[in-house]
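Below is one structure, written out as structure tokens; the observations come after it.
The values are calculated or read from the model by the stated rules, or taken from the named source; none is laboratory data. What you see is a predicted model, and the numbers here were worked out from it, not measured in a lab. Don't worry about glycine lacking a Cβ; one is built from the backbone with ideal geometry, like all the others, and counts go over all protein chains shown.
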């Protein structure tokens, strides 16, 4: 997780592999005192690590613990950058966090057969 900012809301961000090119993006937003901020909109994005254009993965509101979770499926196994951002509002400054160079792999399966000779 990455912690961002001192005088602004703090955002932490985690990428959890689910397999089959799926990842769970977990962002947590707190105020400068560490209290969770609920009902705040978090925007999720991703891109190939070598790309310059971000893909919008949608928005999720934080729950009572300040957490917003989004599951996405990526087109191909590759190395990606992920970003979560809070645009700020009348009470809190903007905040963002990112995870870079994260390798997403495809699931594999292996079978074994034993044949009599």
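General remarks:
- Listed conditions (1) on the phi < 0 side of the Ramachandran plot; (2) assigned to a loop (DSSP other than H, G, I, E, B) are all met by residue 34, apart from (1).
- When residues of the range 89-112 are limited to those that are farther than 24 Å from residue 48 by Cβ and in contact (Cβ under 8 Å) with a residue 24 or more places away in the chain, the one surrounded by the most Cβ atoms within 10 Å (Cβ to Cβ): 95
- Among the residues making up the range 75-85, those that are more than 19 Å from residue 42 (Cβ to Cβ) and in contact (Cβ under 8 Å) with a residue 40 or more places away in the chain are 75, 76, 77.
- In this structure, residue 116 qualifies as farther than 13 Å from residue 15 by Cα, out of contact with any helix residue (DSSP H, G or I) (no Cβ under 9 Å at 6 or more places or on another chain) and without any contact (Cβ under 8 Å) to a residue 24 or more places away in the chain.
- When residues of the range 1-30 are limited to those that are at pLDDT 80 or above and loosely packed, with under 15 Cβ neighbours inside 10 Å, the one nearest to residue 100 (Cα to Cα): 24
- Residue match in the range 49-59 (condition: touching a residue at least 24 places away in the same chain (Cβ under 8 Å) and within 14 Å of the chain's Cα centre (by Cα)): yes
- Condition check for residue 42 on (1) outside any strand (DSSP E or B); (2) modelled with pLDDT of 95 or more: one failure, at (1).
- Tally of residues being farther than 26 Å from residue 38 by Cα and within 12 Å of the chain's Cα centre (by Cα) across the range 74-93: 1
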